[in-house]
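The values are calculated or read from the model by the stated rules, or taken from the named source; none is laboratory data. What you see is a predicted model, and the numbers here were worked out from it, not measured in a lab. Quick reminder, even Gly has a Cβ in these numbers, built from the backbone with ideal geometry, and neighbours come from all protein chains shown. To get the accessible areas, we keep the full protein, side chains included, count just its heavy atoms, and leave off ligands, DNA and RNA. Shrake-Rupley method; radii C 1.70, N 1.55, O 1.52, S 1.80 Å.
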2 protein chains.
Amino acid sequence: MKFSLPAQTILLPSPVLVIGTYGPDGKPNIMTAAWGGIASSKPPCISVSLREATLSFHNIKQAGAFTVNIPSEKHLKEADFVGMVSGRECDKFGTTRLTPEKSRLVNAPIVKEFPYALECALLQQVDLGSHTMFIGNIVGMVADGDVLNSHKLPDIEKVRPILWGSFGTMAYYGIGSKLGDAFSVGKEVQRIREGT
Amino acid sequence: MKFSLPAQTILLPSPVLVIGTYGPDGKPNIMTAAWGGIASSKPPCISVSLREATLSFHNIKQAGAFTVNIPSEKHLKEADFVGMVSGRECDKFGTTRLTPEKSRLVNAPIVKEFPYALECALLQQVDLGSHTMFIGNIVGMVADGDVLNSHKLPDIEKVRPILWGSFGTMAYYGIGSKLGDAFSVGKEVQRIREGT
């Protein structure tokens, strides 16, 4: 049975993104965000939505750059923590003992301990209300060698990213079993219809 | 060891979104998209990026509405299939034997068999190059009763959504084990620092 429900910002799965920025004083900051996704292939773009109340919001506007760092399961506590406190009150890199490394391509820090990061130059911002979408042009990527496959692409089974289960469970999850190959398992639908 | 790599649109995890639209002739269509995410809390918004070559792109512009349907693991073949073929050449609802049900709130079809859907009124579009971001105001949600928790919110453990592993593995995954509670597991970082 179907239920009509009030509007909710529930997307399953939602990612766990750790946004890296520098303040005007050069102080590195990180915060966790779940509102975001890839926005374009060419140019390669990613969008991250932040509230104006956050320090990261102002850092991105000022520096014109940010990184999107993907935490692994083993960084769960750190990823949760940097989403709970403000960079105005806490040195989040120091407190978590994570290490900021300056991106070679943009004016933003990379979290050294995390498996990989997207380096983004701010392309556009869209004010929507509670949140502003920061659309970043992905200009490069930095990754640990041990999460790359033979084509030098991050492999989800090696990265072991975290998912956020949204408001239904308010919990984090790991990735589960491989279900099938993309652009492949669907061919069966066509075959069934064609009777072949 | 860290490697600097070319820009790639690799976000882990990426969602598997099935976008529902009506054509000018009233014909329902669905397509799979992985480029998207929640864009704002108030107003509740979601963004989905599509190429101009797709039928859905034109349907959204014309109808000013779309749905974001979340497939469950058991709909893997259908979700993959509707991302491989164009609605111009194939009646995708008919071929997959999925059922279009008109949203009561927007001019777009809901996939009856999928666990839940967000009903979206087109708010804004942002042309980025290969893709255009369609930002939809989420005006309501339709869900199966058996995927809701006691607060009438979709529960990820009942929805069993599909993740896309992006270009590294080109495969789909299920959700894995619960790793911890949000806004909770991170408190341990603070306690360790404070020595309490």
Express in nm, to one decimal, how much length is gained between A:F3 and A:S86 on full extension, taking 0.36 nm for each residue of separation and deducting their alpha carbon distance.
26.1 nm
B:S4 - accessible surface, heavy atoms, 1.4 Å probe, Å² rounded to 10
70
From the helices alone, meaning DSSP H stretches of at least four residues, give me the mean residue ellipticity at 222 nm for chain A, per-run term -39500 (n - 2.57), in deg cm²/dmol to the nearest 500.
-4000 deg cm²/dmol
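Estimate the FRET efficiency between A:S41 and A:Q62 by the formula 1/(1 + (r/R0)^6), using the beta-carbon distance for r and 25 Å for R0, to the nearest 0.05.
After rounding to 0.05, the efficiency reads 0.30.
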For A:K187, give me every one of the aspartates and glutamates with a C-alpha distance below 12 angstrom, ignoring sequence neighbours fewer than eight places off in its own chain.
B:E78, B:D80
Over all directions, average the projected area of the Cα convex hull of the protein assembly as shown and note it in nm².
18.4
For residues of B:45-51, the mean tally of beta carbons on other chains within 10 Å:
5
Above 25 Å lies some portion of the pair distances; for the stretch A:21-128, what is it as a whole percent of all C-alpha pairs?
13
List the residues whose amide H sits under 5 Å from the amide H of B:A65, counting only those 5 or more places along or on another chain, with H placed 1.01 Å from N in the peptide plane.
B:L122
How many nm is it between the label spots at B:R104 and A:K112, if each spot is 7 Å from the Cα in line with the beta carbon?
5.7
For a quick check of understanding: with a 1.4 angstrom probe and all protein chains in place, what accessible area in square angstrom does B:F167 have, to the nearest ten?
80
Of all the accessible heavy-atom surface of chain B, with the other protein chains kept in place and a 1.4 Å probe, what percent is carbon and sulfur?
49
Going 7 Å from Cα along the Cα-Cβ axis for the label, what nanometre distances separate B:S41 from the same residue across the other copies?
3.4
For B:K27, inter-copy label-point distances (7 Å, Cα→Cβ), nm, shortest first, read 5.9
Name the long-range amide H neighbours of B:L179: under 5 Å, sequence gap of 5 or more, or other chain; modelled H, no Pro or chain starts.
A:Y172, A:Y173, A:G174
Can you pull the one-decimal nm distance between simple spin-label points at B:D181 and B:N149, each 7 Å off the Cα toward Cβ?
1.0
Applied in sequence order to the stretch A:13-19, the curve 6.51 cos²θ - 1.76 cosθ + 1.60 (Karplus, θ = phi - 60°) yields integer Hz couplings, x standing for Gly and Pro, of x, 9, x, 10, 10, 10, 8
Put a point 7 Å out from Cα along the line to Cβ at A:S86; what are the distances to that point in the other copies, in nm, shortest first?
5.1
Within 10 Å of each Cβ in B:152-164, how many Cβ atoms from other chains are there, averaged over the peptide?
6
Long pairs among A:K27/A:K158; A:K42/B:K102; A:K27/A:K77, criterion Cα-Cα beyond 27 Å:
A:K27/A:K158; A:K42/B:K102
If I histogram all Cα-Cα distances within the stretch A:48-88 using bins 5 Å wide from 0, what percent of pairs lands in each bin?
5, 19, 26, 26, 17, 7, 1
Round to a whole angstrom and tell me the spacing of the C-alpha centers of the stretch A:79-106 and the stretch B:88-106.
45
Pairs of Cα atoms farther than 27 Å apart, chain A, %
33
Chains B and A: accessible area buried, summed over both chains, 1.4 Å probe, nearest 100 Å², reads 9100
Relative contact order for the stretch A:25-150 using alpha-carbon pairs under 8 Å, separation at least 6, rounded to a whole percent?
31
Gain on full stretching of the segment that runs from B:A53 to B:Q190 - 0.36 nm per residue minus C-alpha separation
44.3 nm
